[in-house]
Structures are given as structure tokens and as C-alpha cells.
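Here's the structure, in C-alpha cells; my notes come after.
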Amino acid sequence: MEEFISAIDIGTTKVCALMAGVTHDSLGNLALRILGEGQAPSQGIRRGVVINVSEAIACISEAVEKCEQDAGMNITSAYIGIAGSHINTLNSKGVSPVEPRSGVTMHDMQRALEGARAVALPQNQEVIHTIARQWTVDGQSDVQHPLGMSAYRLEVDAHIVTGSSTAIHNIAQCVRAHDIEIDELVLEPLAANEAVLRPEERRMGVAVVDMGGGTTDIAIFEDDGLCHTVILDMGGNHFSNDVAVGLHAPFETAEELKLRYGSVMPDSVPEDDKVWASVFGEKSERSFSRRFICEILADRAEEMFEIIGGKLDESGYFDKLPAGVVLTGGSSQLPGLTEMGRSILGMPVRVGAPSTRLPITGLSRNLQSPAYATSIGLLLWALHEDARKIRRQYAAESSQPNWGSQLMRWLKNLLPG
Ligand SMILES: Nc1ncnc2c1ncn2[C@@H]1O[C@H](COP(=O)(O)OP(=O)(O)OP(=O)(O)O)[C@@H](O)[C@H]1O
Ligand SMILES: [Mg+2]
């Protein structure tokens, strides 16, 4: 029987629901077939958090129904993206003794991860992910799969992602209102990277910067593992808002001007290029210099790259990113951003979007846009989760025949790809 995976990306500007079937490619590797997609403008959601439950429920409903109609079947459970400034991350270590005769068991790995997870959390924060970045077996670091290795001591370096219980509860409530079970809440930058990074970038060291409508999420990867995450309260809406303020125009007008005429390279716009737009307090439209609009956008983009550079610096990874920065998210499409990023950050910068090189068939042109990196990434995260589950099951059966399914569930999401 075919297995199905669904994902709901609840963004500041759009909600995107996707449904896919799990198949195999010609080499027998797991792959996805898109069966349905549905989208609706967001309402009641700002910067990754729900600010109006009934509005959020309504727009999720619209996206889910469109997707269900497209796929011809109902979504019963889904992977849900989560972001917002309530997210915090930290790196932590855990240790477990090992009985050398039996080698490292799932139980030892669980104990080490539990140790790493046992950090003092501020009130109202809960753990969303505990991701093993690296295992060390008797002092030998960089072990990818320690299971079965003979040793006395197992250590894990883990990345812990936490979020506000209230924000998590509100998102969950809006999804469950549609009788949809939550397979897993996935930190959005963790999902987005699955859709846009090349394996060698993730291995060498790279930062994925998802510039959405309300937030910009930064996720740093090195040696195939997530090392650091930052969520900034700044996105495409800020660009449009700056234009609206600068022109005394409504936000919608500014958004349209940005999309049609915007770039962050004012010098390349002819000085006499004019655009017309309606403004507050005047009946007829007024003309504006297109270069002026691009100057406003360039100022904001410069500020954003300065902040991103500062965050990379603070993280301690600024000099460890040979593959540079991969921009994604709807706002990464603003012309000139990559050039500006390269000159401010002094490292390679490219735009990444879901593409046909991914193990996905039925990827529409619409979905091959940076704006859908998180949505597609959620499906890929789920697919790899499936592969991880199968691998763990296999490992558990061969090393611990009596190990219960409860542990398997507990370990879900704890092991690296
Ligand atoms: N071609 C374009 N040029 C510039 N900006 C664009 C373009 N297309 C979309 N955007 C901007 O991208 C933003 C939406 O991006 P995206 O769909 O990734 O956000 P989201 O997922 O809804 O929000 P978030 O992830 O912040 O919660 C909007 O601000 C929109 O104006
Ligand atoms: Mg988004």
C-alpha cells in the first residue's frame, strides 16, 4: 500500500499545504510524488506565531481543502513548520557509559541524548528537536553511526531547539481544528535546507538564509550537521513597509511596486524611470522615481545583510563557511540581493529553490520557487524521517531484538540523517 505524507507550511504571507506519495526512484531510493497542493493568503499569523486563532484556522482550512481537492483524498496527519522569535537553540553534550561486550546499544544512545536534552529551560519553553550532531566513542570523535561499536564511553554533541509552549500550543490547536494529527513540528530552517542545499555545501559549511515575509531564518550547517540557528524578526513585509512609509502609500500598493519594479541596485535604474501609484490623501495617482523606490529597498537590504553578518559573527561560524550563504524564501527573489550579499558578507552567495534534481516527481513550476523551499523541505524532512525510521528499525532488530516500539518512537527525530 502506498504511504502518504502531508505538510503544512504556515507562513506570515501564505499557508501552503502539500500532499505526496512515497515511491522509489529507478535506483530503489525513496522518492516523492506530489499528489496535491493548496495555498491561501495567511491571516491571523504574524512572524511565525498565531495572533488570531479563528483567522488562522480559516486560512489553514482554505489551503488544506484546496490541497485535498487537488489530491482527491483527505489529509489526516501532517508535518508542520514552526518558526518565530520564540525559538531558541543551544548546543549541549550528553554522556553514557557502554558495556564493551555488547557494544553501543540504542539504550546507550538514548541515555546520552537524554543527558544532552536535560538542560535548564526558561519557563514556558519546551524542546522541539534534539538533533545529534556528532558522536564520540571512547574519545574518537566524528563517529556517524556508533550503534554496535565496542567502547566504554559514548558522548554526543547535540543541537537542542526549543520554542514557547504557548506558541506551539496555538499552532497545534489551529491544525487539530481540522482533525489533522501532527506528525511532527519541524523548525522551518531545518526543513528549508533539505530543499535547497547540495550535500557538499552542507558538508563544507554553509548558512541557509530563508527570507520570508515576516521572518528571516538562518541555519548554519557543517560536517552534514546543523550547528546553529537564528530567527530574525525581519522579512519581505519590512521592505514593503519601508516603501509604503517612503511614498505615503498603502502597504498593498507598496507591495505591488516592490514586486513589479523593485531591485536593490538603484544605480542600474535610469534616473528618469517613473512609476505611478495611488497615495494617501490624493484622489489621482502620483508618479515616483523608480530609482527612489529601489534606494529604499537597497537601504533595508543592506541593513539585513549587516544583521545577518553580525549573527554569523556572533555564532563563531563566520570564517567556517566555505560554501557561503544560500538565500531562499520569497524575498530572496528581489533582484540584486546576491550581488549585495557577496559584497557585504565577502563570501559566496546564491539563491536556492526546490528543483527537479530533488527526488520528487510532479513538482509544478509554481513550487519551483524559493518561496516554497520550506513547504517542499517539510516533505523531504518527512521522507528522510521515514528513511531514518527504517534504518533505526533495522538497526534495532539486528542489535536489540526485544527493544520496544516505544523507544523507537522516542528516538524519532533524534538521530542525524
Ligand atoms: N519576486 C519577488 N521579489 C521580491 N520579493 C518577493 C518576490 N516574490 C515574493 N516576494 C516577497 O516574499 C515574501 C513572502 O515570502 P515567503 O512566501 O517565503 O514567506 P512566508 O513563508 O509566508 O513567511 P515567513 O516564512 O516569514 O513566515 C513577501 O514579503 C513577498 O513580498
Ligand atoms: Mg516561510
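The values are calculated or read from the model by the stated rules, or taken from the named source; none is laboratory data. What you see is a predicted model; the values in this text were computed from it and never measured. Heads up, the Cβs are rebuilt from the backbone with ideal geometry, glycines too, and the neighbour counts pull from every protein chain shown.
Which of the helices (runs of 4 or more DSSP H) contained wholly in the range 144-239 include at least 2 residues that are within 30 Å of Val53 (Cβ to Cβ)? Reasoning before the result, please.
Working: elements: 165-176, 188-196, 199-204.
The helices (runs of 4 or more DSSP H) meeting that bar are 165-176, 188-196.
Report the residue count in the range 248-297 for those that are within 21 Å of Gly341 (Cα to Cα) and either free of Cβ contacts under 8 Å to residues at least 40 places away in the same chain or not charged (D, E, K, R) (or both).
First, pick out the residues of the range 248-297 that are within 21 Å of Gly341 (Cα to Cα): 258-259, 261-269, 291-297.
Next, only the ones that are either free of Cβ contacts under 8 Å to residues at least 40 places away in the same chain or not charged (D, E, K, R) (or both) stay: 259, 261-269, 291-297.
Final tally of qualifying residues: 17.
Just to verify a result, which residue in the range 59-103, among those that are among the hydroxyl-bearing types (Ser, Thr, Tyr) and within 16 Å of ligand 2 (Cβ to nearest atom), is surrounded by the fewest Cβ atoms within 10 Å (Cβ to Cβ)? Break it down into steps so the answer makes sense when it comes.
If we filter the range 59-103 for residues that are among the hydroxyl-bearing types (Ser, Thr, Tyr), which is where we start, we get 61, 76-77, 79, 85, 89, 92, 96, 102.
Narrowing the set further to residues that are within 16 Å of ligand 2 (Cβ to nearest atom) leaves 79, 85.
Values: Tyr79: 24, Ser85: 17.
Here the answer is Ser85.
Going by what's in this entry, would Arg350 be described as of a type outside the set (A, V, I, L, M, F, W, C), in a strand (DSSP E or B) and away from ligand 2 (no atom under 16 Å from the Cβ)?
Details: of a type outside the set (A, V, I, L, M, F, W, C): yes; in a strand (DSSP E or B): yes; away from ligand 2 (no atom under 16 Å from the Cβ): yes.
Judged against the criteria, Arg350 is a match.
When you scan the range 240-248, do you find a residue that is touching a Ser or Thr at 6+ places or on another chain (Cβ under 7 Å), at negative phi and either within 16 Å of ligand 2 (Cβ to nearest atom) or assigned by TED's automatic domain parsing to the domain that holds Pro122 (or both), even just one?
no
Could you list all residues from the range 234-266 that are more than 21 Å from Ile308 (Cβ to Cβ) and among the basic types (Lys, Arg)?
Arg260
Specify the residue that is surrounded by the most Cβ atoms within 10 Å (Cβ to Cβ); the eligible residues are those in the range 329-343 that are more than 10 Å from ligand 1 (Cβ to nearest atom) and in a helix (DSSP H, G or I).
Step one: list which residues in the range 329-343 are more than 10 Å from ligand 1 (Cβ to nearest atom), which gives 336, 338-343.
Filter once more, keeping what is in a helix (DSSP H, G or I): 338-343.
Working: Thr338: 18, Glu339: 12, Met340: 18, Gly341: 26, Arg342: 16, Ser343: 11.
Per the stated criteria, the residue is Gly341.
Against the definition (touching a strand residue (DSSP E or B) at 6+ places or on another chain (Cβ under 9 Å), of a type outside the set (Ser, Thr, Tyr) and under 17 Å from Ala371 (Cα atoms)), how does Glu55 come out, yes or no?
Numbers: touching a strand residue (DSSP E or B) at 6+ places or on another chain (Cβ under 9 Å): yes; of a type outside the set (Ser, Thr, Tyr): yes; under 17 Å from Ala371 (Cα atoms): no.
When the stated conditions are applied, Glu55 does not pass them.
Can you tell me which of Pro199, Pro189 is within 15 Å of ligand 2 (Cβ to nearest atom) and modelled with pLDDT under 95?
On the way: Pro199 fails: within 15 Å of ligand 2 (Cβ to nearest atom).
On inspection, the qualifying residue turns out to be Pro189.
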